[in-house]
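> I have a structure I would like to understand better, so I am pasting it below and will then ask my questions one at a time.
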Amino acid sequence: MIEIKNEKVLDWVRECAELTKPAEIVWIDGSNEQLEALRKEACDTGEMIRLNEEKLPGCYYYRTHPKDVARDEKRTVICTTYQKDAGPTNNWVQKDEMYAKLRPLFDGAMKGRTMYAIPFSMGRPGTEFAKIGIELTDSLYVVLSMNIMTHVGEAVLKQLNQGADFVKCLHSKAQIDAKNKYIAHFPEDNTIWSINSAYGGNVLLGKKCLALRIGSWLGRKEGWMAEHMLILCIENPQGEKKYVCAAFPSACGKTNLAMLIPPKHLQEAGYKAYTIGDDIAWLRIGDDGRLYAVNPENGFFGVAPGTNSKTNNNALLTTRKNTIFTNVCRNLDDNTVWWEGLDQPAPVNGEDWQGRPWNGQTATEKGAHPNSRFTAPAENCPSIAPEFFTGEGVPISAIIFGGRRAGAEPLITQSFDWNHGVFMGSKMSSETTAAADGAVGVVRYDPMAMLPFCGYHMGDYFQHWIDMGKKMSNPPKIFNVNWFRRDAEGRFIWPGFGENLRALLWALGRCEGKAEAVETPLGYVPAAGSLDLTGLDVTDEEMQEITTVDKEVWRKELDGLKEWYAKFDHMPDELIASLAKLELALD
Ligand code: OXD
Ligand code: MN
């Protein structure tokens, strides 16, 4: 391995080792040899289980503590000098106070353990978009997962030796003590400290912590954007490629949309779809005044339950090798994995996500945790785009916002312009899911799907969006979608999954000034007949229901929206004006 010579790096690692007192320090260089030895070690200690080598080559099973199975938003904190910088939607603790509180918890936390030092890059090392981090951790699961999710290897080590700056990420699973769990961000110091958790979203510090919370802070400072968005490429029958970004709250179908398979008649017509990213987009303005996006990650940390050959065959195929499964159900007969919704019979001789004997025929409880996950290399994905491998940005034609709402929001709405699109994003709301601790199914505002991930004051975040719009001569068009409308019986009206491409093609049609639309108080919705419905089992009345704006419903929504806006001590004038305009249009 290349020896690290960067004094700043060495000083910081020494300081963290003095605090956490590990038995030894091991540097991770991402080589296969080293990783293979660590995988073996993880299996020897029982931390991980090697799965069936023929059916799932290179795959491993891992289980977290039963109370440590999701992102913990109550324990996620933004620590700045002044509260005004964290804003009203983040948990805030004064940064010096937080260091003082965390130091005793980290003191000796790695005693008798190995501290692994993982230099990693978000974004391909050396590209314009990339940022380097170093994660220090006492968890082999973190080491092996970071090697899937980020770019680890010699290129990063070389950059560090050339003096590259880095985000300082310190993690200790400590005692997995829920009372002392913290995921603390110090954006002023480019620092993240996470303790007493082993769940991916809390401990794979390159992902939510660096790429979104610290990333959004850096983006504002440096003039770019870090967003909770998938990136999808759609190729038309003429071979023209168009790129869209889409923001949905956690566990609302971003991975499914990112890997969508076009409906048969569109495939036959020559449409293709390719995946660039499923969770995070970093966006910069190009010299041509357009917005360009990269996926800073190198793998997918996807929700397993519900993934099957019909809902997302590409995701399923992605997980067939070199994947780590967390908190799913294990089939003891053939040492494979299973989860609810998989198109395979449940095991009769299984172990549930907590390691208890589980028989799919008699079980009354779920075999896999609803937020059980797969951690899989992006290169496994059959639909991965060649653009993913270059790390150069792709030009974005459309930005799609969306939430999980049984009513109110139409299937698809186009904003009047960029600023109105920012307003659309600011009023996004969704029913909560199992991806975060807490009640599931409660409607909450989740602007741009960034409520749990924005590292600073959201009023300033909206202003940053407005300011970015001013700098672009050719900004993407902005849309809002809702795949989750339900009828009186509670059934989903829109079929979703691959069929969502129909709505995206309408959006791309709008970008080219082709598709017909009708103006409503919320924006433009598809005119009757403008959305391709070939072969769909949705009646005209149902289409009418999901593409119109119910003023009565929206007057009630408006009350909630005003309350939401009142939370902020400052909001861009442009958004206040959009809110007033909506109120007027609903009268
Ligand atoms: C995720 C999340 O894991 O949003 O991507 O929680
Ligand atoms: Mn996410």
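> Using alpha carbons only, how many angstrom separate the centre of the range 148-205 from the centre of the range 550-586?
Taking the Cα centre of the range 550-586 as reference, the centre of the range 148-205 is 38 Å away.
> Note down the relative contact order for the chain as a percent, whole number, built from C-alpha pairs under 8 angstrom at least six residues apart.
14
> Would you compute, from DSSP H runs of 4+ residues alone, the mean residue ellipticity of the chain at 222 nm, taking -39500 (n - 2.57) per run and dividing by the full residue count, rounded to the nearest 500?
Mean residue ellipticity, 222 nm, calculated: -8500 deg cm²/dmol.
> Which order do peptides 286-298, 249-261 fall in by mean Cβ count within 10 Å, highest first?
249-261, 286-298
> Another one. Helix 309-318 against the longest principal axis of the chain: what's the angle in degrees, Cα atoms only, rounded to the nearest 10?
Approximately 40 degrees, to the nearest 10.
> So, one more: In whole Å, what is the distance between the alpha-carbon centres of the range 457-483 and the range 394-439?
Rounded to whole Å, the Cα centres lie 12 Å apart.
> Between V348 and D287, what FRET efficiency follows from the Cβ-Cβ distance if R0 is 51 Å, with the result rounded to 0.05? Could you put the intermediate results ahead of the total?
Working: r = 61 Å, r/R0 = 1.19.
Calculated value: 0.25.
> With just the Cα atoms defining each centre, how far is the range 1-22 from the range 507-548? Give it in Å.
57
> How much area per residue is accessible in the range 4-112 when the probe is 1.4 Å and only protein heavy atoms are counted (Å²)?
Solvent-accessible surface per residue comes out at 53 Å².
> Moving to a separate point now. Give me the percent of the accessible area of the range 442-496 that comes from carbon and sulfur atoms, probe 1.4 Å, all protein chains in place.
Within the range 442-496, the accessible surface is 51 percent carbon and sulfur.
> Then there's this: What ³J(HN,Hα) values, in whole Hz, does the Karplus curve 6.51 cos²θ - 1.76 cosθ + 1.60 give for the range 170-181 when θ = phi - 60°, with x put for Gly and Pro?
Running phi through 6.51 cos²θ - 1.76 cosθ + 1.60 with θ = phi - 60° gives 10, 10, 9, 6, 6, 10, 6, 8, 4, 6, 10, 7 Hz.
> Something else about it: R0 = 25 Å: FRET efficiency of I49 with E365, Cβ-based, nearest 0.05?
0.75
> Which of the trypsin sites (Lys or Arg not before Pro) found in the range 96-170 are in a DSSP loop and have at most 11 neighbouring Cβ atoms, other than their own, within 10 Å? Working shown, then result.
Details: sites: K101, K111, R113, K131, K158, K168; in loops: K111, R113.
Taking the range 96-170 and a limit of 11 other Cβ atoms within 10 Å, the loop trypsin sites (Lys or Arg not before Pro) found are K111.
> Quick one: pull the percent of accessible area on the range 76-143 belonging to carbon and sulfur, 1.4 Å probe, ligands and nucleic acids left out.
The value for the range 76-143 is 45 percent carbon and sulfur by accessible area.
> Something else: Counting only heavy atoms of the protein chains, get the accessible area per residue of the range 410-546 (1.4 Å probe) and round it to a whole Å² value.
37
> Here is a follow-up. Over the chain, what is the percentage of antiparallel beta bridges among all DSSP beta bridges, to the nearest 5?
Bridges in the chain that DSSP calls antiparallel: roughly 65 percent.
> While we're here: Please tell me which of these pairs span more than 18 angstrom C-alpha to C-alpha: K5/K158; K84/K471; K477/K581; K74/K366; K8/K181?
K84/K471; K477/K581; K74/K366; K8/K181
> Place the peptides 263-269, 462-468 in order of packing, highest mean first, counting for every residue the other Cβ atoms within 10 Å and averaging per peptide. Present the calculation step by step, with values, prior to reporting the outcome.
Details: 263-269: 14.6, 462-468: 19.7.
Ranking the peptides 263-269, 462-468 by packing returns 462-468, 263-269.
> Which order, highest average first, do 436-448, 44-56 follow once you tally other Cβ atoms within 10 Å for each residue and take the mean per peptide?
Descending mean neighbour count gives 436-448, 44-56.
> Please report the carbon-and-sulfur percent of the accessible area for the range 300-380; probe 1.4 Å, protein heavy atoms only, DNA, RNA and ligands left out.
47
> Filter the trypsin sites (Lys or Arg not before Pro) in the range 446-543 to those in DSSP coil with at most 14 other Cβ atoms within 10 Å of their Cβ, and list the result.
Counting only loop positions with at most 14 other Cβ atoms within 10 Å, the trypsin sites (Lys or Arg not before Pro) in the range 446-543 are R491, K514.
> OK, next. Leaving out ligands and nucleic acids, note down the accessible area per residue over the range 300-380 with a 1.4 angstrom probe, in whole Å².
In whole numbers, the range 300-380 has 40 Å² accessible per residue.
> Oh, and also: With a cut-off of at most 11 other beta carbons within 10 Å, and DSSP calling the residue loop, which GluC sites (Glu not before Pro) in the range 429-534 qualify? Please list them.
Values: sites: E431, E489, E499, E512, E516, E519; in loops: E489, E512, E516.
Answer in residue order: E489, E512.
The values are calculated or read from the model by the stated rules, or taken from the named source; none is laboratory data. Everything quoted here is computed from the prediction, not taken from an experiment. Neighbour counts run over all protein chains shown; Cβ positions are idealised from the backbone, glycine included. Please note that ligands, DNA and RNA were not included when accessible areas were found on the heavy atoms of the full protein model with its side chains. Shrake-Rupley method; radii C 1.70, N 1.55, O 1.52, S 1.80 Å.
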